[in-house]
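S.K.: My questions will all concern the structure given below.
Every number here is computed from the coordinates shown, using simple stated rules; none is lab data. The model shown is predicted, which means the values in this text are computed figures rather than measured ones. Note that each Cβ is placed from the backbone with ideal geometry, even for glycine, and that neighbours are counted across all protein chains shown.
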Amino acid sequence: MRVLVAGLSVRAAAESAARAGFEVTAVDAFSDLDQHAAVRCLAPVQPFSARAAVRAARGVRCDAAVYLANFENDPEAVDELAAGRRLWGNSAAVLRRVRDPRLLKQALEQRGIATPALRFGPEAGKRGRESFSVVSQAKKTPDPFSPPRRWLVKPLRSGGGHDVRPWRPGTAVPPGCYLQEVVDGTPVSAAFVAAGGCATLLGLCRILVGDGAFGAEGFRYCGNILAPVGDRPGSDDEALMSAAGDVAAALADGFGLVGVNGVDFVVHGGVPHPIEVNPRWSGSMELIERAYGLSIFAAHAAACAKGSLPSLDLARAGRCAGAVGKAVVFARRDLTLGDTSRWLGDESVRDVPRPGERIAAGRPICTVFAAGPDAAACRSGLVRRAERVYAALAPPGDTAGEVL
C-alpha cells in the first residue's frame with residue numbers, strides 16, 4: 001500500500017513504514033540525508049507548518065495518510081490532509097478533545113487517575129468556558145495558587161517543551177496559555193497503540209528535558225532512554241507499568257484514540273501523573289523498535305485499518321533488553337555544514353542534515369544513539385557521542401561537519 005507520512009520530522013516513522021513493506025512518500029521540514037532508500041522524500045517544507053506540509057503533499061497519490069508532530073495542534077490541517085484519503089490516525093474531532101487539558105484532566109480523574117492542578121486565564125471564557133478553569137476557584141484560605149505550590153506556563157498548542165516556563169506569582173496567564181502545577185519527579189513517556197476503546201502498552205521511556213549536554217535548555221525535549229525492567233523510576237516497576245497501562249486504556253476508551261499514541265507523565269513516589277497526550281507517533285517509538293523488534297508502523301497500520309492490537313508481554317520484553325537511548329543534539333551557535341555525507345554509515349548518528357545546510361543556534365543538528373546496561377550508562381554514552389558531534393564542528397566562520 002502507498003502511504004503518505006507528514007510531519008515536522010518523519011525519518012523514523014517513514015523508515016519503519018518502509019521496513020514494514022509500505023510504499024512511502026515523506027514530507028517534513030528536513031528531508032534528511034539518511035532517509036530509508038525506499039522512501040520518496042519531497043522537498044523540505046521551510047518554514048514548517050502543518051498547513052504548509054498539506055500544501056506540499058496535495059498532489060501525492062496514496063492509499064492512506066499518517067501525520068506526526070505538530071499536526072495535533074492543527075485539527076483543520078488534519079482534515080485537509082485526510083481529504084480524499086484514508087486517515088490512519090486520530091481524527092480532527094478526537095484531537096480537539098484529547099488536546100484540551102481541561103477535558104483530559106476531567107476524563108482521567110473520573111477514572112481515579114491523579115493529574116496536576118490547572119489554571120486558565122480569562123480568555124478561556126471566549127470559547128464558552130469558565131474563566132480560570134476546572135480547578136477550584138472558590139475563595140479559600142490559603143490561596144490555592146500561592147506558594148508552596150509551583151506552576152508552569154504552558155501553551156495550549158504545545159509541543160516538545162517549547163515556550164514552557166515557570167510562572168511568576170502575581171502575573172497574568174498569557175493569552176493562549178494555561179498553568180499546570182509542577183509535580184516533582186521523573187519525566188516518563190509511555191507509548192501505546194489503541195483501537196476499539198482498548199490499548200496495548202508498548203514501552204516506557206525516560207524523557208530527557210533541557211539537558212545542556214545536548215545543547216538544550218529549559219523544558220525542551222531532547223531525547224529518551226528506554227531502560228530495562230528494574231531500572232525505571234519508582235520502587236515497583238511492575239506497578240508502574242500497570243498504572244501506565246491503565247492510563248493508556250482510559251485514554252483509548254474515553255477519547256476513542258486509534259493507532260500509536262504517547263502520553264507524558266511525571267512519576268512521583270512510583271505514581272505516574274499524566275501531563276500531556278501526544279496523539280500520534282512520538283520520539284520514543286524507534287527505541288522500542290530497536291529494543292523489542294516490534295514494528296511500530298505495522299502496529300499502527302493494523303490498529304487503524306483493521307482494529308487489531310499486537311500481543312506484547314512488556315515485562316518479559318523489558319527483562320531481555322539493556323538500556324537504549326537517543327538524544328537530539330542542538331546547535332550552540334549558527335552553523336553552515338560541510339560534507340555531511342561522511343556521517344552516513346554510522347548507526348549512532350541519524351537525522352543527518354544535508355551538505356551546506358545552515359543551522360541556527362538552538363536548532364537540531366542530528367540525533368545520536370547509545371546503549372548500555374542501565375539508564376545511567378546509556379546517558380553517559382549519549383553525552384560522549386554528542387561531544388564527538390560538537391568536536392566535529394569547526395570554529396566560528398569555518399565550515400562544519402567535515403569529520404565526525
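S.K.: In Å and from the alpha-carbon atoms only, list the Rg and Dmax of the chain.
M.R.: 20.8, 64
S.K.: On to the next question. Over the range 2-88, with a single point scatterer placed on each C-alpha, what log10 of the ratio I(q)/I(0) does the Debye formula yield at q = 0.14, 0.17, 0.23, 0.25 1/Å?
M.R.: The Debye formula, applied to the Cα set alone, gives -0.38, -0.58, -1.09, -1.29.
S.K.: Using 7 Å Cα-to-Cβ label points, what is the VAL271/SER348 separation (nm, one decimal)?
M.R.: 4.1 nm
S.K.: Label-point separation (nm) for ARG388 and ARG61, each offset 7 Å from Cα along Cα-to-Cβ?
M.R.: 4.4 nm
S.K.: Relative to the Cα centre, what is the charge dipole magnitude of the chain, using +1 at the beta carbon of each Lys and Arg, -1 at the beta carbon of each Asp and Glu, and rounding to the nearest 20 debye?
M.R.: 880 debye
S.K.: Give the whole-number value, in cubic angstrom per residue, of the convex hull volume spanned by the C-alpha atoms of the range 1-49.
M.R.: Enclosed volume per residue, from the Cα hull, is 56 Å³.
S.K.: Follow-up question, since we're still on this one. I'd like the orientation of helix 296-306 relative to the chain: the angle between its Cα long axis and the longest Cα principal axis, in ° from 0 to 90, rounded to 10.
M.R.: The answer is roughly 60 degrees.
S.K.: State the percent of C-alpha pairs, over all pairs in the range 251-363, separated by a distance greater than 24 angstrom.
M.R.: Summing the P(r) of the range 251-363 above 24 Å gives 47 percent of all pairs.
S.K.: Still on this structure, please answer the following. Sorted by mean Cβ packing within 10 Å, highest first, what order do the peptides 336-346, 276-286, 84-94, 60-70 take?
M.R.: My ranking of the peptides, most packed first, is 276-286, 60-70, 84-94, 336-346.
S.K.: Mean-square fluctuation check for the chain, GNM, Cα pairs under 10 Å: which of ILE225, ILE113, ILE288 is largest?
M.R.: ILE113
S.K.: Evaluate the charge dipole of the range 279-338 about its Cα centre and quote only its size in Debye, nearest 20, assuming +1 on the Cβ of each Lys and Arg and -1 on the Cβ of each Asp and Glu.
M.R.: So the dipole magnitude of the range 279-338 works out to roughly 100 debye.
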